[in-house]
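Single-structure report; data block below.
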Amino acid sequence: MKPCRGAVAGAIVLLAVLQFLASPPARAEYGDVLINKRSEKEGMRPVVFPHWFHRIRFRCKVCHNELGFKMRAGGNDVLMVDIIEGKFCGMCHNGQIAWSPENCDLCHSGKPGLQTKIFGSHQTGGPGRW
Ligand code: HEC
Ligand code: HEC
Ligand code: HEC
């Protein structure tokens, strides 16, 4: 009986692994969001928001409920003054939870000319990489 039970357990593990591999990645979790609603019009490079990088550190609801970010690339009107006053990205990028808004280039790192949309994956995306 023993080897048989082992095989069944093995098959269950294998199934779980296959199921995990087969589940399609939710794009929003993996992609980077490029935001260029106002940046370039105001003379700045577009913003790269590495969604995956943040998603593994915080729960969805921190940003999508508590901070009020709508779940749509380009769905928010974010002004730099709001960020400096501690709203949106500035809730964390305040020099305490994360580095401060003075580091313009760390956020405004997108290639000029790119339109607002969700891009790539966490492996290909990221500041300065496209
Ligand atoms: C640190 C903040 C933060 C966290 C945590 C976060 N998001 Fe987001 N999410 C954003 C921002 C910012 C955008 C882009 C909004 C914009 O472009 O105005 C976004 C965009 C999205 C979009 C829209 C993508 C598209 O194709 O238009 C979806 C869907 C989404 N998030 C789902 C999630 C889910 C699900 C989680 C948790 C698993 C999560 N987010 C966690 C900040 C966050
Ligand atoms: C809920 C908190 C939170 C919010 C909201 C948030 N961030 Fe961050 N962000 C962090 C933390 C924490 C780090 C890591 C900081 C560090 O390494 O010192 C980070 C890092 C980053 C990085 C660097 C990623 C890397 O690969 O090193 C970028 C770029 C960034 N944030 C952009 C943004 C932008 C743009 C927004 C708003 C659209 C935003 N963040 C909103 C917490 C947040
Ligand atoms: C933590 C991320 C982050 C940092 C750091 C940051 N920005 Fe922004 N900024 C954003 C986001 C997100 C937007 C909204 C992008 C859009 O709509 O195109 C934005 C928009 C802007 C805009 C256009 C909207 C407006 O309010 O006029 C300007 C100009 C701007 N930023 C300048 C700056 C300058 C200058 C710095 C450095 C002193 C800076 N930003 C640092 C995230 C950041």
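How many Å³ per residue does the convex hull of the Cα positions in segment 26-119 occupy?
Given the Cα convex hull of segment 26-119, per-residue volume reads 91 Å³.
Would you kindly derive the ³J(HN,Hα) couplings of segment 96-103 from the backbone phi angles with the Karplus curve 6.51 cos²θ - 1.76 cosθ + 1.60 (θ = phi - 60°), listing them in order in whole Hz, with x for Gly and Pro?
Result, ordered by residue: 10, 6, 8, 4, 8, x, 5, 7 Hz.
For segment 26-119, what's the relative contact order in percent, using C-alpha pairs closer than 8 Å and at least 6 residues apart?
Value for segment 26-119: 40 percent.
Would you order Ile97, Ile83 from fewest to most other beta-carbon atoms within 10 Å of each residue's own beta-carbon?
Least to most surrounded, the residues fall as Ile97, Ile83.
So, with +1 on the Cβ of K and R and -1 on the Cβ of D and E, and no other charges, what is the size of the charge dipole of segment 26-119 about its Cα centre, to the nearest 20 debye?
Computed charge dipole of segment 26-119: roughly 420 debye.
Sort Phe88, Phe58, Phe49 by Cβ crowding within 10 Å, fewest neighbours at the top.
The most exposed by this proxy come first: Phe58, Phe88, Phe49.
Just so you know, all these numbers are worked out from the coordinates, no wet-lab data involved. As the structure is a computational prediction, the values presented were derived from the model and not from experiment. Positions of Cβ are backbone-derived with ideal geometry, glycine not excepted, and every protein chain shown enters the neighbour counts.
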